[in-house]
Amino acid sequence: KKIVIVGGVAGGSTAAARLRRLDEKSEIVLFEKGEYISFANCGLPYYIGGTIKERDALLVQTVESMSTRYNLDIRNFSEVVGINRENQTIQVKNVQTGEVYEETYDELILSPGARPVVPPIPGINDAKALFTLRNIPDTDRIKSYIDNESPKRAVVVGGGFIGLEMAENLHERGMEVTIVEMSNQVLAPLDIETASIIHKHLEEKGVNLILGDGVKAFENNGTKVITNEGKEIETDMILLSIGVRPENELAQKANLNLGERGGIQVNEYLQTNDPHIYAIGDAIEIKDYVNGNPTMVPLAWPANRQGRAVADNIYGKKVSYKGTMGTSIAKVFDYNVATTGNNEKTLKRVGIDYEVIHVHPASHAGYYPGASPIALKVIFNKETGKIYGAQAVGMDGIDKRIDVIATAIKGGLTVLDLPDLELAYAPPFSSAKDPVNMAGYAAT
Ligand code: FAD
């Protein structure tokens, strides 16, 4: 079998490694238009901020190490520019020489990811120090600008996960940071009362937070940001992080079905409407695990899970991808904030009735030093107890509580089961009634 993969980072390299484990003899060709494969996207903000010191640490696998280890034909600087479904061939452009050639496939996997949204804001093309962050070259550009130009002020446009992580890391580099966010809260997957705790903390840390206001224009080569409400912010650099859109051009040109928001549509086996073409990762539309509606969730867990599942499916294993819950977490200065499943906004939009409980237990026994409060919110169905989602924010133990609840949701446990979870306890870690147990008691 000859299997061709488009995109060599999270989804693509996971698929390649699994394919090789399943079959020693198959021909596996992986195309990546950039220089690097299998790099740590999620680590990029921390390298810019200086927490991660070595650039090499971001390169999880190199073309050489991965080719040798898994016996793969990896071609970087190679952009797949067309798919001929009838002949089962693709057109590949060598981006260094411009040469275009054809390659055949038996099965094709698309994992091209999603790219930062860059809207045509007036003045954007003249902005000298305007950046987006997706890959290693972006990271190099941002880091060398900071290292060489020592900017004093930064504006982060968009208060999503990447925006907040970058705000913190730019602040770490000594800059005065302003976040401009169009909606009335940061981190859209949270509800407002959870996000408000983060708003307060950002302000405590000296980050200027402008909510409910968008960018209208960039002026003076991007040294001035003008908002819709007429605010003017002087700055030395701008990071645009207002979301991503799926890289769907190849799929579209090949007449593969796309969803309303442009995600490549796949069935539960991650197959597009062409049975020989699969798609995974940020580029696809998936089912919301909680409410069943189509959605897109650009996160690393889904890309990795799907990368493995797609390889299994190509070898007839029929691994069904059941949807994405959007379990996610971020560090925002001294706080951690995490969420899983649906928030109230989503449930309202899709018309699902729900009940909410909030508990504020300590992260571990109060008499043992270092405990801090956790704000934990659980959203569930009043009649059945089905858990729709949860959010937590605090300084410690946030990941554990959300991961336990995410597991409960996947396992089909209800809020009625939460008191009965027997969780690890000693004073430095938790209380004899863990916060997750407490949420269960509060709900029942
Ligand atoms: P990618 O990993 O983006 O890989 C797609 C690759 O395909 C790209 O390298 C691209 O160059 C290549 N490509 C595209 N089109 C073509 C073509 N036509 N021909 C050849 N190659 C092509 N997720 C989390 O869950 N937690 C985090 O903390 C987190 N932090 C993040 C921080 C940053 C700064 C960024 C940018 C992302 C972060 N993510 C995080 C998201 C996560 O990295 C993505 O969800 C994941 O990488 C998606 O995998 P993918 O394979 O779909 O796409």
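The values are calculated or read from the model by the stated rules, or taken from the named source; none is laboratory data. Bear in mind the structure is a predicted one, so any value in this text is a computation, not a measurement. Glycine gets a Cβ as well: all are built from the backbone with ideal geometry, and neighbour counts include every protein chain shown.
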* Asked: Of the numbered conditions (1) away from the ligand (no atom under 13 Å from the Cβ); (2) part of a loop (DSSP other than H, G, I, E, B), Q61 satisfies every one except a single condition; which is it?
  -> (1)
* To do: Starting from the stretch 30-44, keep only residues that are closer than 25 Å to T104 by Cβ, then list their pairs with residues that are surrounded by fewer than 20 Cβ atoms within 10 Å (Cβ to Cβ) and among the hydrophobic types (A, V, I, L, M, F, W, C) whose Cβ atoms are within a distance under 8 Å, requiring at least 6 positions of separation or different chains.
  => E32/F77; K33/F77; K33/V95; G34/F77; G34/I136; S38/L59; S38/V60
* Scope the stretch 243-276; condition of a type in the set (V, I, T) and either within 13 Å of the ligand (Cβ to nearest atom) or under 15 Å from the mean Cα position of the chain (by Cα) (or both); matching residues -> V244, I264, V266
* Structure fact -> Across the stretch 104-127, the tally of residues that are part of a strand (DSSP E or B), within 15 Å of the ligand (Cβ to nearest atom) and surrounded by fewer than 18 Cβ atoms within 10 Å (Cβ to Cβ) stands at 1
* Which of the residues that make up the stretch 45-54 are surrounded by fewer than 16 Cβ atoms within 10 Å (Cβ to Cβ) and either in contact (Cβ under 8 Å) with a residue 12 or more places away in the chain or within 17 Å of R20 (Cα to Cα) (or both)? -> G50, T51
* Asked: Just wondering, is there one or more residues in the stretch 82-96 that are within 30 Å of I198 (Cα to Cα), part of a strand (DSSP E or B) and not aliphatic (A, V, I, L, M)?
  -> no
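With respect to I192, is the statement that it is among the aliphatic types (A, V, I, L, M), more than 16 Å from the ligand (Cβ to nearest atom), closer than 17 Å to T227 by Cα and at pLDDT 95 or above true?
Numbers: among the aliphatic types (A, V, I, L, M): yes; more than 16 Å from the ligand (Cβ to nearest atom): yes; closer than 17 Å to T227 by Cα: no; at pLDDT 95 or above: yes.
No: the conditions fail for I192.
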* **Matching residues in the stretch 148-203 - criterion: being among the charged types (D, E, K, R), part of a helix (DSSP H, G or I) and in contact (Cβ under 8 Å) with a residue 60 or more places away in the chain** => E149, E165, E168, E172, E193
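For the structure I just gave you, tell me whether T444 is more than 20 Å from T194 (Cα to Cα) and over 26 Å from the mean Cα position of the chain (by Cα).
So T444 passes the test.
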* Asked: Q88 versus (1) touching a helix residue (DSSP H, G or I) at 6+ places or on another chain (Cβ under 8 Å); (2) surrounded by 15 or more Cβ atoms within 10 Å (Cβ to Cβ): which is the lone unmet condition?
  -> (1)
* **Selection count where residues are over 12 Å from A254 (Cα atoms) and of a type in the set (A, V, I, L, M), scope the stretch 81-101** => 3
* Structure fact -> The residue that is nearest to the ligand (Cβ to nearest atom), considering only those in the stretch 287-307 that are closer than 25 Å to L22 by Cα and crowded, with 21+ Cβ neighbours inside 10 Å, is A303
* To do: Residue by residue through the stretch 361-405, note down the ones that are in contact with a Phe, Trp or Tyr (Cβ under 9 Å, 6 or more places away or on another chain), surrounded by fewer than 18 Cβ atoms within 10 Å (Cβ to Cβ), under 16 Å from A442 (Cβ atoms) and of a type outside the set (D, E, K, R).
  => N381
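Let's see how each residue does on (1) at pLDDT below 95; (2) of a type outside the set (F, W, Y); (3) within 16 Å of the ligand (Cβ to nearest atom); (4) closer than 27 Å to Q61 by Cα:
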residue: D138; (1), (2), (3), (4): no, yes, yes, yes
residue: I142; (1), (2), (3), (4): no, yes, yes, yes
residue: D147; (1), (2), (3), (4): no, yes, no, yes
residue: V157; (1), (2), (3), (4): no, yes, yes, no
residue: A167; (1), (2), (3), (4): no, yes, yes, no
residue: N184; (1), (2), (3), (4): no, yes, no, no
residue: S196; (1), (2), (3), (4): no, yes, no, no
residue: K200; (1), (2), (3), (4): no, yes, no, no
* Asked: Failed condition for I329, given (1) touching a residue at least 60 places away in the same chain (Cβ under 8 Å); (2) outside any loop (DSSP other than H, G, I, E, B); (3) away from the ligand (no atom under 16 Å from the Cβ); (4) not aromatic (F, W, Y), with all others met?
  -> (3)
* Asked: With (1) buried (at least 17 other Cβ atoms within 10 Å of the Cβ); (2) more than 27 Å from A17 (Cα to Cα) as the list, and E172 as the residue in question, which single condition is left unmet?
  -> (1)
* To do: Answer yes if at least one residue in the stretch 15-31 is in contact with a helix residue (DSSP H, G or I) (Cβ under 6 Å, 6 or more places away or on another chain), modelled with pLDDT of 95 or more, within 12 Å of the ligand (Cβ to nearest atom) and closer than 23 Å to V297 by Cβ, and no otherwise.
  => yes
* Asked: Given R69, R85, which one is touching a residue at least 60 places away in the same chain (Cβ under 8 Å) and away from the ligand (no atom under 15 Å from the Cβ)?
  -> R85
* Set Y315, Y368, Y335: member being farther than 25 Å from M296 by Cβ and within 16 Å of the ligand (Cβ to nearest atom) -> Y335
